[in-house]
Amino acid sequence: MTLTLLAQGIVKRYGGVVAVKDGWLEVQSGVVVTLVGANGSGKSTLSKVITGVVAPNEGQLLLNGVPVQFPTPQAAKKRGIAAVYQELSLIPDMTVAENIWLTNEPRLAGISLRRGEMRQKTQELLDLFAGTTSNNLTPDSLVNTLPPDERQIVEILKAISSQPRLVIFDEATASLDRSQVDRLFELIRQWKREGMAIVLITHRMDEIFRVADRVTVMRNGQTVGTVNAADTTDREIVQMMIEGIAAPDAGRMPQIDATAPVRLEVRGLRCGRLQRADLTLRDGELLGLGGLQGQGQTELLLALFGALPYAGTVILGGKPVRFRHPRDAMKHGVAFVPGDRATEGLLLSRSILENFLLPSWERYGIIHNIESARQDATTAARDLSLVYSSLDAPASSLSGGNAQKVVIGKWLLRRPKLLLLNDPTKGVDVGAKAEFYALLRQLTAQGTAVLFYSSDDDELLGLCNRVLVLQDGLIRDEISGERLTRENLVAASMGTTHEQR
């Protein structure tokens, strides 16, 4: 049975944040559609509406011309719609077979499990990727023993096991090596010939032209157009992703003095998804890290803070260092500000005062000098224009912007020489962002070196004089001067080099 699915006029709001404001997508049996867009364009949210993960505030889904609603992913699955997400849904302590057939186990007379049949069917699915995986990937392997690429393959096979009519692959190739991607695309072509409808969300430009029949582009929560892949180019796709977006006017940092001392030098750093990083950062410079999320930016920052083991060379202030724990980095004047303040930056149930002083208690003696600590925290709160009722109030009482000020302020009390920022303004309102930008200017003017990852291209364009763009764990381009444009940022993040453009 053929399938045509149309998502039209989709709107999805999370409180005051509009993730999708006018999303459209159409896909038919035997057609591969790639869905592309920059960070925050709404691709994943639109796909989650289609698969029943989230409910839209407005708009509708039409399945073969008939309006449908999917209150749960299971409801979508019953209508033949499945998805493969980069954020895996596997249960680590269960076997590969148990994960693939969870809630859909072969049963005898609806009661007892037919485990032999389940293992046999699992092996048949694993054979689809034969030659691209290790011998450790078997039906009885525990998922928590598998490397990331093989976990992603299990996630793909889990979606395919229900024999869906439509599959959405949301960045499903990000964890796979080249041979595994090649095999997946062979399978996608086969499934297409068999009549499956396929949506591929990808950040790799080359993947678009390898398998796509059509390309749908989203920008700022809106679907801005669909083109035939055979009739377009990578440059035209990039233009669709950025067209009509005004250049930001945040006010870039002053040009760095080329004779300023080098604060940080990194050579051949490898960690997790980060395959290699080479960079130099001078005192008083704000160096941007760009690219789509999950390309190795966070691993780079955590490795420099001693929170992840790494290979390679790190030279700080002219001296080689190897931090094995964050306290080692702190002793050398390094500070790290995470983007997820709720889980990584604050103890929400503890007081604002305690949060301010978390990294600095040793400064106040074994028997803590509370009055001195309170005075320093009060000064920091004033300098940050913090809006709060009392230092003794819980951190949970703060607004998002003010909570992030505490996350930053607790490190500023240590007067860091190198400040590592991991998407620090995510979820922060416009006013708080402006205050944060002013603070960055103040810090760099005082000589603090700042390494700044942001998922918001406007921030990078508005603040930085130099941006390193990461894609697939590698620095694909260093953009500065007249080349620091939205088009070049987006193109590099999709894997198109300056020379190719």
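For the reader, a short list of remarks on this structure follows.
- Search result, residues across region 209-220 that are among the β-branched types (Val, Ile, Thr) and within 23 Å of ASP22 (Cα to Cα): VAL215, THR216, VAL217
- Remark: pairs (first residue in region 150-172, closer than 17 Å to LEU126 by Cα; second residue surrounded by fewer than 20 Cβ atoms within 10 Å (Cβ to Cβ) and of a type in the set (D, E, K, R); Cβ separation under 7 Å; 6+ apart in sequence or on different chains) = SER162/LYS77.
- If you check GLY251, GLY288 for being modelled with pLDDT of 90 or more and under 17 Å from SER454 (Cα atoms), only one passes: GLY288.
- Residues of region 254-271 classified as under 30 Å from PRO148 (Cα atoms) and either modelled with pLDDT under 85 or of a type in the set (Lys, Arg) (or both), total: 2
- Yes/no for ALA303 being closer than 24 Å to ARG476 by Cα, aliphatic (A, V, I, L, M) and assigned by TED's automatic domain parsing to the domain that holds ARG476: yes
- Members of region 222-245 found to be of a type outside the set (Val, Ile, Thr), more than 14 Å from VAL32 (Cβ to Cβ) and assigned to a helix (DSSP H, G or I), listed by number: ASP231, ASP234, ARG235, GLU236, GLN239, MET240, MET241
- Qualifying position, being among the basic types (Lys, Arg), farther than 24 Å from ALA434 by Cβ and in contact with a helix residue (DSSP H, G or I) (Cβ under 8 Å, 6 or more places away or on another chain), among ARG486, ARG476: ARG476
- Just one of the numbered conditions (1) within 22 Å of LEU287 (Cβ to Cβ); (2) crowded, with 20+ Cβ neighbours inside 10 Å; (3) at pLDDT below 90 is not true of ALA449: (3).
- Selection from region 12-32 of residues that are under 22 Å from the mean Cα position of the chain (by Cα) and of a type in the set (Val, Ile, Thr): VAL17, VAL18, VAL20
- Taken together, the residues in region 217-231 that are without any contact (Cβ under 8 Å) to a residue 60 or more places away in the chain and in contact with a Phe, Trp or Tyr (Cβ under 9 Å, 6 or more places away or on another chain) amount to 1.
- If only residues of region 26-59 that are surrounded by fewer than 17 Cβ atoms within 10 Å (Cβ to Cβ) and touching a Gly at 6+ places or on another chain (Cβ under 7 Å) are counted, the one that is farthest from VAL211 (Cα to Cα) is GLU58.
- When GLY30, GLY40 are checked against the criterion of being in the same structural domain as ASP170 (by TED's automatic domain parsing), over 20 Å from ILE198 (Cβ atoms) and of a type outside the set (A, V, I, L, M), GLY40 stands alone in meeting it.
- Restricting attention to region 396-409, the residues being over 22 Å from the mean Cα position of the chain (by Cα) and modelled with pLDDT under 80 number 3.
- Among the residues listed as LEU137, LEU166, LEU128, the single one being over 29 Å from VAL36 (Cβ atoms) and surrounded by 14 or more Cβ atoms within 10 Å (Cβ to Cβ): LEU137
- Applying the condition of being under 14 Å from LEU63 (Cβ atoms), of a type outside the set (A, V, I, L, M, F, W, C) and not in a loop (DSSP other than H, G, I, E, B) to region 1-21 and asking which residue is modelled with the highest pLDDT yields GLN8.
- Residues that are at pLDDT 80 or above, surrounded by fewer than 19 Cβ atoms within 10 Å (Cβ to Cβ) and on the phi < 0 side of the Ramachandran plot within region 415-442 comprise LYS417, TYR437, ALA438, LEU439, ARG441, GLN442, listed in sequence order.
- The one condition from (1) under 30 Å from MET241 (Cβ atoms); (2) in the same structural domain as PRO359 (by TED's automatic domain parsing); (3) exposed (fewer than 15 other Cβ atoms within 10 Å of the Cβ) that PRO309 does not meet is (1).
- Of the criteria (1) in contact with a strand residue (DSSP E or B) (Cβ under 7 Å, 6 or more places away or on another chain); (2) in contact (Cβ under 8 Å) with a residue 40 or more places away in the chain, which one TRP191 fails: (2)
- Filtered residues of region 374-405 (kept if loosely packed, with under 13 Cβ neighbours inside 10 Å and touching a residue at least 40 places away in the same chain (Cβ under 8 Å)): ASP392
- Per this entry, VAL469 is not counted among residues that are buried (at least 22 other Cβ atoms within 10 Å of the Cβ), farther than 18 Å from LEU301 by Cα, among the β-branched types (Val, Ile, Thr) and within 16 Å of the chain's Cα centre (by Cα).
- Number of the condition not met by ASP206 [criteria: (1) at pLDDT below 90; (2) buried (at least 21 other Cβ atoms within 10 Å of the Cβ); (3) of a type in the set (Asp, Glu)]: (2)
- Residues (at positive phi and assigned to a strand (DSSP E or B)) located in region 277-316: GLY312
- Residue check for GLN120: more than 33 Å from the chain's Cα centre (by Cα), at pLDDT 90 or above and at negative phi: yes
- Test for LEU412: is it in the same structural domain as GLN297 (by TED's automatic domain parsing), at pLDDT below 85 and not polar (S, T, N, Q): yes
The values are calculated or read from the model by the stated rules, or taken from the named source; none is laboratory data. All of these numbers come straight from a predicted model, not from anything done at the bench. Cβ: placed from backbone, ideal geometry, glycine included. Neighbour counts: every protein chain shown.
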